[in-house]
Amino acid sequence: MPDEDAAEVDRERPGDAADTDGRERTTDGAESGGRARAPDGAEERRSDGPDTDERARRVRTAQTRAESKLVGDSLAVGYPSTDEPVVECETVVLPEGEITALVGPNGSGKSTLLKAMANQLSPERGRIVLDGTAIQSMDAKELARRLGLLSQENSSPGSLTVEELIYHGRYPHRGFFDSLGEADHAAVDRAIDLAGVGDLRDKEMGNLSGGQKQLVWIAMVLAQETDLLLLDEPTTFLDLHHQLRVMEVVRTLNDEQGVTVGIVLHDIGQAARFADNLVAMKDGGLYDWGPPRDVVTGELLADVFRVDATVDRESPTGPHISPHRALDE
Amino acid sequence: MAGDTRRRGATPARDRRLGWLDGSLATLCLGSLVVAVVAGLVQVSFGAYTMTLVQAWGAVFNPNVLFDLNVWRAFLLGADLPEMNRRSLIVWNIRMPRVVVAVLAGMCLAVSGAIFQAVTRNELASPFILGVSSGAGFTVLLTLVVFSGLSSLLPLLAAVGGTVAFLLVYTIAWKGGTSPVRLVLAGVIVNMVFQSLQRALFFFADDLGTVQSALGWITGSLTGVGWVDVRIALPPTLVAVTLALAGARQLNVLLLGEGTASSLGMRVERVRFLLSGVAILAASAAISVAGIVGFFGLVVPHIVRLVVGSDYRRLLVGCVFAGPALMVLADVGARLALNPVQIPVGVVTGLVGGPYFLYLMRRQDRMGEI
């Protein structure tokens, strides 16, 4: 019964994830972790050493992490045009008040998983639970007041001004005939401040650079005032300056307002520096889960990203990756 | 400090609450009003019964007609027409309804086109791209040629035909949801089938009169409309325009794309279907009294967009004013270009609208997506 499973997920809190408890889970966790990345056919690699067990345990203990903001349970997600599900995973968790980065190579299913978690794709199997409620059963506007999503590609009419676009972020807070109220103005002003786009306020979207546009789109999602934010590759295609600005906005939001963030990142180095947790994906399954210092290893880079790299785990700014060459396979 | 920043930021936002009513929109509306009034006055001054401009305009502004409630009751509710002098009778009862119908049809087609362009996110969409015109045209022909006994119900049947064709398009395009591209492609397919059926029907027409009448419908004509047509078109026009203006914000959000609209909590399929329904209602109202006036619903929103931008709050208000002005103007052209022979207004809108659109296309680098 999936309902009971989810109830179990909800009930578990860090307090009862005691050591004995954790050990117990390790045994059945090995199975579960193995299934999650079944398609990669790396059977021999799976059994060679303690790292695999360690990884499986971490993936499994994702469930025991308490105060989970958003939990995906026994998911299979696909598109109408595909027969086979693109993503299959037992458990994926966004812990409350933390930044979780989804990383993986192209086509590993991270964006698909994110879309499913935002209820933009209906999973073929399994369910997604936000604060204890299945999101599929939520009203669309209700969900949009609690969960903000920024897609990878966004477009707007070129003559739309920055401020007008950001006001659209208030859509879920307004009824059909509601005009803008004080709360809406305040939220938009806060979003503009936070994203640092005050000087662009009256500019037209068509005249902005890619990086400026992205900050404005982030401001629009911020105006939704959700306590959970899902971002799909917000830094891809941006110059370094704007990449950092985007990540700083996310960090500030998380630090100061405790917003839970799920973010798909293309660059694993960036993910390792900014995120509290990494979810590494491979071939539509969960490969590993945990804090960057545990997850980012030479083995991960070889297995998942197919690059030969050394990792300096002791670097003060998070694990530092030096890639050497692409591995053949 | 932080409070200061916020207050400074907040003030312009509050001032701008009605900021979308800006200068360009006001100019457009005012200009349209002037054009509509002048063109309307020209239109009512010409006809089989010759009178001077002064006489005609005197009849228009005849206070005995203008402020007589009974007269308006006769026009708008179909009561018996009270006594009035001959000139007033001709101007008000025969010529004026043509101007009023032009106003209503122009308003409907412009608003309908604007909605369809947002729903499909395609600047090249028009009320007729989603099958409405060919469906309506087919039922009109069917009525005239085969079921001639039903010709008193022609306006209603035209609207029904348009609606059925639209539902057909939607069904074809539906595959666990629709997309703008699939809607347009399904529209092309349905249009093609219905147009073939139309041509087939022409072979069954017995006499030339039927064919001419059918052609008038299919090209769009305002010749011979009366107050009864105003009474047919007015209620759906008012409903459709009101709903369209109320839905302007939804249209703006739809313009951000399905993904964004949906993540903002919009139920995209439902909103898209309902707004399409409003656009169909508007188009049907126009078709039922004026036939299928081509190019109008495509070009007018485009012209308005060039002036006021793509914000639908501005765009729809602009269409409500510019649509009538341009339709009345085009109808004056149809009435007077080859005087005394009248040509259908649809021929004028096609002849003027086509090249104008070509000019726009050449001038702009990018066209298609809004």
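Filter region A:140-152 for residues that are more than 8 Å from every other protein chain (Cβ to nearest Cβ) and open to solvent by 30 Å² or more (accessible area, probe 1.4 Å) and give the result.
Selection gives A:Arg146, A:Gln152.
For region B:185-284, which fully contained helices (runs of 4 or more DSSP H) count at least 2 residues that are modelled with pLDDT under 85?
Per the criteria, B:208-219.
Within region A:167-194, work out how many residues are over 15 Å from A:Arg145 (Cα atoms) and crowded, with 20+ Cβ neighbours inside 10 Å.
Looking only at that region, the number is 3.
So which residues in region A:109-123 are on the phi < 0 side of the Ramachandran plot and buried (at least 16 other Cβ atoms within 10 Å of the Cβ), if there are any at all?
A:Lys110, A:Ser111, A:Thr112, A:Leu113, A:Leu114, A:Lys115, A:Ala116, A:Met117, A:Ala118, A:Gln120, A:Leu121, A:Pro123
How many residues are open to solvent by less than 10 Å² (accessible area, probe 1.4 Å) and out of contact with any Leu (no Cβ under 9 Å at 6 or more places or on another chain) when one looks only at region B:320-345?
So the count comes out to 1.
Answer with yes or no whether A:Thr226 is in contact with an Asp or Glu (Cβ under 8 Å, 6 or more places away or on another chain), open to solvent by less than 40 Å² (accessible area, probe 1.4 Å) and over 16 Å from A:Leu165 (Cβ atoms).
So A:Thr226 fails the test.
I need the full set of residues from region B:118-141 which are of a type in the set (Gly, Ala, Ser) and within 21 Å of B:Ser152 (Cα to Cα), in order please.
B:Ser133, B:Ser134, B:Gly135, B:Ala136, B:Gly137
Evaluate the following for A:Gly211: is it crowded, with 17+ Cβ neighbours inside 10 Å and more than 10 Å from chain B (Cβ to nearest Cβ)?
Taking the combined requirement at face value, the residue satisfies it.
Given the structure, is B:Ile303 farther than 27 Å from B:Val160 by Cα and either part of a helix (DSSP H, G or I) or acidic (Asp, Glu) (or both)?
Criteria met by B:Ile303.
If you take the residues in region A:167-204 that are more than 10 Å from chain B (Cβ to nearest Cβ) and assigned to a helix (DSSP H, G or I), which one is nearest to A:Val246 (Cα to Cα)?
Ranking the candidates gives A:Ala195 first.
The conditions are (1) at pLDDT 90 or above; (2) under 18 Å from A:Leu265 (Cα atoms); (3) open to solvent by 70 Å² or more (accessible area, probe 1.4 Å); (4) more than 14 Å from chain B (Cβ to nearest Cβ), and A:Asn106 fails exactly one of them. Which is it?
Exception for A:Asn106: condition (1).
Please tell me if B:Val230 is away from chain A (no Cβ under 14 Å) and touching a residue at least 40 places away in the same chain (Cβ under 8 Å).
Judged against the criteria, B:Val230 is a match.
Can you spot a residue in region B:15-32 that is within 14 Å of chain A (Cβ to nearest Cβ), at pLDDT 85 or above and crowded, with 20+ Cβ neighbours inside 10 Å?
yes
Filter region B:238-288 for residues that are in contact with a His (Cβ under 9 Å, 6 or more places away or on another chain) and touching a residue at least 40 places away in the same chain (Cβ under 8 Å); which is farthest from B:Pro180 (Cα to Cα)?
Per the stated criteria, the residue is B:Arg249.
Here is a list: B:Thr178, B:Thr242, B:Thr163, B:Thr223. Which entry is within 14 Å of chain A (Cβ to nearest Cβ) and under 21 Å from the mean Cα position of the chain (by Cα)?
B:Thr242
The values are calculated or read from the model by the stated rules, or taken from the named source; none is laboratory data. What you see is a predicted model; the values in this text were computed from it and never measured. Cβ sites come from the backbone with ideal geometry, for glycine too, and all protein chains shown count toward neighbours. The area values use the complete protein model at the heavy-atom level, side chains included, leaving out ligands, DNA and RNA. Shrake-Rupley method; radii C 1.70, N 1.55, O 1.52, S 1.80 Å.
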